[in-house]
Each structure stands twice: as structure tokens, then as C-alpha cells.
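As C-alpha cells, the structure follows; a few thoughts come after it.
The values are calculated or read from the model by the stated rules, or taken from the named source; none is laboratory data. Keep in mind it's a predicted model, so treat the numbers as computed, not measured. Every residue, glycine among them, receives a Cβ derived from its backbone with ideal geometry; neighbour counts consider all protein chains shown.
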Amino acid sequence: MGRLDHDTALPKACRLLAAVATLALLAATGATAEAADAKTATSAADFGGMDGLVAAAKQEGELNVIALPPDWANYGTMIETFQSKYGIKVNSAQPDASSQDEINAANQLRGQARAPDVFDLGANVALRNTHLFAPYKVATWNDIPEPLKDPNGTWVNDYGGYMSVGYDADRVPAITSVADLMKPEFKGKVALNGNPTQASAGFHGVMMAAIANGGSADNIEPGLEFFRKLKETGNFLPVDPTPATIASGETPVVIDWEYLNVAQSKQLEGQIDWKLVVPEGAAVGAYYVQAINKDAPHPAAARLWQEFLYSDEGQNIWLRGFARPVRLDAMVKAGTVDKDAVAALPEAKGTPVYLTQEQINTQQKLLIERWDEAVQ
């Protein structure tokens, strides 16, 4: 009887606590389901359309990017515009990191709120790590040429350009060819942007030297030999160039993407006479790769970022940074391209060389095995 009285003395409190617990559980379950849906969404349609995606991304409120220097392909403007347009805070980590550093960060920070949501990678690193990517197709998917995207949307090329040689015209003679870099006037002055075993710019710089010395997309060895001799002559400068090293004169010659060298010439105008050349007969082109981290802490914001990058607005922002966006041809045809920005792109003579994914993998493997020995 006492137990019955005890049991009947608590029902209101129990029911209240149970109701609160149930609501909390439903709220938690709902939030988890929403996050889970965002993590598995393969297009804006999974959010009910762009408005739903924007709402979900705004609810998350933040986006983590990594290895995006503000002066690289106009990413400073890209980030500022995205933040202003959607009211989403962009956390930009390690802006001067390499593609491999991006992957390392994703692995080290997995499950943490600081993990990168999206990647901007050189193809050589991207193709080794596709297991980390979440498939997603942006609204402008059909504008992207088939060879420049994974059929399932796991990765997509975003912007590209040609390898070039930038130089301080007040410190070194005019450069017209890769062979010029062997001259005595360039002693201790020739820098390469990034370790070619980890950075796409460095890798394609070695490939440019290979093409200029009788190599091909299937034979990077002449490029390795070129840098070995450049090291022997004392012309190779083992310093990773940055805007600061260029401005200070520490790296008066930089082998890098055309859009970065053009950006330097604009930024340093009136201070340094920074020029660039895409060597004739050695034009090597490549695109970078965009992907979403499958463990992104802000999965909706990550997908909205992709939509913005591949919109006319985002593509024109890259173009104004002298990078050639992947939808360039489609935008020219549609009349949505910034014509002044197209006219400002550097000249590249001859037929450019683009490596296939198989060629990148094969030549990258050779570089990994032999680069350190060549330049030590």
C-alpha cells in the first residue's frame, strides 16, 4: 500500500521530467538528423533548394577554410564577399600552408570544430586522398567540362593557369626562357614555390623545366636534372617564396603560377618592377581541385561555399585575380564573364601541356623518390 502511495505521489513530477527529457531528446535528435542530412547532401535539392541550403548554412554560422592566402587567386576578396553576402564567419587557418598540410589538418582535427570544412588542393595531393571527400554537385555542374570533374562530384577542378617565371627587373636581367635561369647573373636568386613533392605549384615548376629541356608529360626527369644543375651552380635558392620575401628582395626570381606572379606585379606596382613570363614552348597548365571534407564540422556552410565558388560571381572573382576559372568558356558563351578581367590575362604562346591524372601520379611518385637527393 505504501509503495502504491509512493508511486502515486510522483506522477506529476515524473511526467514533467519525462516531458522535458523527451523534448530535449527530440531537439537533440532533430539537430543530429539535420547535421547528418547536411553531411550526406549531394546537391542543393537535398535542402529543398538554394533557400534551404542558405538557411541551413546561416544556422551553422561559420565556415573553416585552410591554405587560402588572401593574395592567392583573389581569395581575400572571395572570403570577404562570401561573409558579407551570407553573414557567415569564415575562419581562415594556415593561409600559407601546402596542399599536404590541408590533408594533415583534416586528419589531425577530425571530429573537432576547428577541422577544415573544405579543401583547395593540387591535383597530385587531391587524388591521393579522395577517401576524405564528400560528393556534391553544384547548380552549375553542367557547365564544367567532363574531364575536369569526378562523375560523382567527389572533386571538381576550380581554377587554373600556366606556370611562369616572375622576376624583379631591377635586380636581374630580363628572362625569356627557362635556360636563362642557369646564367651567372642568377646566382642564389631562383626560388620555387613549394616543395614539389607536396605542392602543386612546385611540382608543375619542375614539369615546366622538364618540358623546356626535352621532357614531356610522361618524363619529368629532365626537370629533375635541371634543378640538380641549378643547385650545383648555386643559382637555386631553397627559400619558399612569399609576398614578403618578394617585397624585401630576398627572392628576386620566383617560379610560380601566372596568377600569383601577376598579382605580385599589381601589388608591388611603384615599389618593385615585378615582371613575368610564360616561357614559350614550355607552357604547363593545371587546375586546382575543390572538395568538401566528409567530416566537415559545418557541412551546410561547406556546400554553400561550393555553390558560391562556382556561381558567376565566384568565378569572376577568381578571374579578377588572374586565375582562369573552370567555367570560363561557358561564361564567355553566356555573356556573364568579366570581359576586362579576361583581357588582362597574361599571354601564353604555344600549345600548353596539361597532365592527365595518371601522368601526375606517375611523375609525382618519381619526384617523391628523387627530389631530396637532387637538390641536397
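Inspect segment 137-155 for any residue being crowded, with 16+ Cβ neighbours inside 10 Å, closer than 12 Å to VAL289 by Cβ, under 13 Å from the mean Cα position of the chain (by Cα) and in the same structural domain as ASP295 (by TED's automatic domain parsing) and give the result as yes or no. Yes, some residue in segment 137-155 is crowded, with 16+ Cβ neighbours inside 10 Å, closer than 12 Å to VAL289 by Cβ, under 13 Å from the mean Cα position of the chain (by Cα) and in the same structural domain as ASP295 (by TED's automatic domain parsing).
The residues in segment 263-274 that are surrounded by 22 or more Cβ atoms within 10 Å (Cβ to Cβ) and within 24 Å of the chain's Cα centre (by Cα) can be counted, and the count is 2.
Does segment 292-299 include one or more residues that are β-branched (Val, Ile, Thr), within 21 Å of GLY111 (Cβ to Cβ) and touching a residue at least 60 places away in the same chain (Cβ under 8 Å)? Yes, that holds for at least one residue.
Residues in segment 41-73 that are under 24 Å from the mean Cα position of the chain (by Cα), more than 30 Å from VAL262 (Cα to Cα) and in a loop (DSSP other than H, G, I, E, B): ALA41, THR42, SER43, GLY61.
Which residue, of ASP329, ASP312, is at pLDDT 95 or above and either on the phi > 0 side of the Ramachandran plot or within 21 Å of the chain's Cα centre (by Cα) (or both)?
Step by step, each of ASP329, ASP312 is checked, and only ASP312 is at pLDDT 95 or above and either on the phi > 0 side of the Ramachandran plot or within 21 Å of the chain's Cα centre (by Cα) (or both).
Kindly indicate whether any position in segment 350-373 is more than 16 Å from PRO196 (Cβ to Cβ), within 21 Å of the chain's Cα centre (by Cα) and among the charged types (D, E, K, R). For segment 350-373, residues more than 16 Å from PRO196 (Cβ to Cβ), within 21 Å of the chain's Cα centre (by Cα) and among the charged types (D, E, K, R): present. Scanning segment 123-153 for residues that are of a type in the set (Lys, Arg) and either over 20 Å from PRO299 (Cα atoms) or in contact with a helix residue (DSSP H, G or I) (Cβ under 8 Å, 6 or more places away or on another chain) (or both) yields a count of 2.
Annotation note: of ASP117, ASP96, the sole residue that is of a type in the set (Asp, Glu) and surrounded by fewer than 17 Cβ atoms within 10 Å (Cβ to Cβ) is ASP96. For segment 77-169, the strands (runs of 3 or more DSSP E) that sit wholly inside it and include 3 or more residues that are more than 13 Å from GLN306 (Cα to Cα) are 89-93, 156-168.
If you check THR351 against the conditions, is it in a loop (DSSP other than H, G, I, E, B), of a type in the set (S, T, N, Q) and touching a residue at least 60 places away in the same chain (Cβ under 8 Å)? Considered against the rule, which asks whether it is in a loop (DSSP other than H, G, I, E, B), of a type in the set (S, T, N, Q) and touching a residue at least 60 places away in the same chain (Cβ under 8 Å), THR351 comes out as yes.
A search for C-beta distances below 9 Å between a residue of segment 70-87 that is assigned by TED's automatic domain parsing to the domain that holds ALA300 and any residue that is in a helix (DSSP H, G or I) and of a type in the set (D, E, K, R), counting only pairs 6+ apart in sequence or on different chains, returns PRO70/GLU80; ASN74/ARG320; THR77/ARG320; THR81/GLU313; LYS85/GLU313; TYR86/LYS58; GLY87/LYS58. When TYR86 is tested against (1) in contact with a Lys or Arg (Cβ under 7 Å, 6 or more places away or on another chain); (2) surrounded by fewer than 18 Cβ atoms within 10 Å (Cβ to Cβ), just one condition goes unmet, and that condition is (2). The test for being farther than 12 Å from ASN316 by Cβ, at pLDDT 90 or above, touching a His at 6+ places or on another chain (Cβ under 9 Å) and hydrophobic (A, V, I, L, M, F, W, C) holds for LEU355. Only one of the numbered conditions (1) without any contact (Cβ under 8 Å) to a residue 40 or more places away in the chain; (2) surrounded by fewer than 20 Cβ atoms within 10 Å (Cβ to Cβ); (3) not charged (D, E, K, R) is violated by LEU328, and that is (2). Checking GLN306, GLN359, GLN315 one by one, the residue that is in contact with a Pro (Cβ under 6 Å, 6 or more places away or on another chain), within 30 Å of TYR136 (Cα to Cα) and part of a helix (DSSP H, G or I) is GLN315 and no other.
Considering only residues in segment 275-294 that are surrounded by fewer than 21 Cβ atoms within 10 Å (Cβ to Cβ) and small (Gly, Ala, Ser), the one that is nearest to ASN261 (Cα to Cα) turns out to be GLY285.
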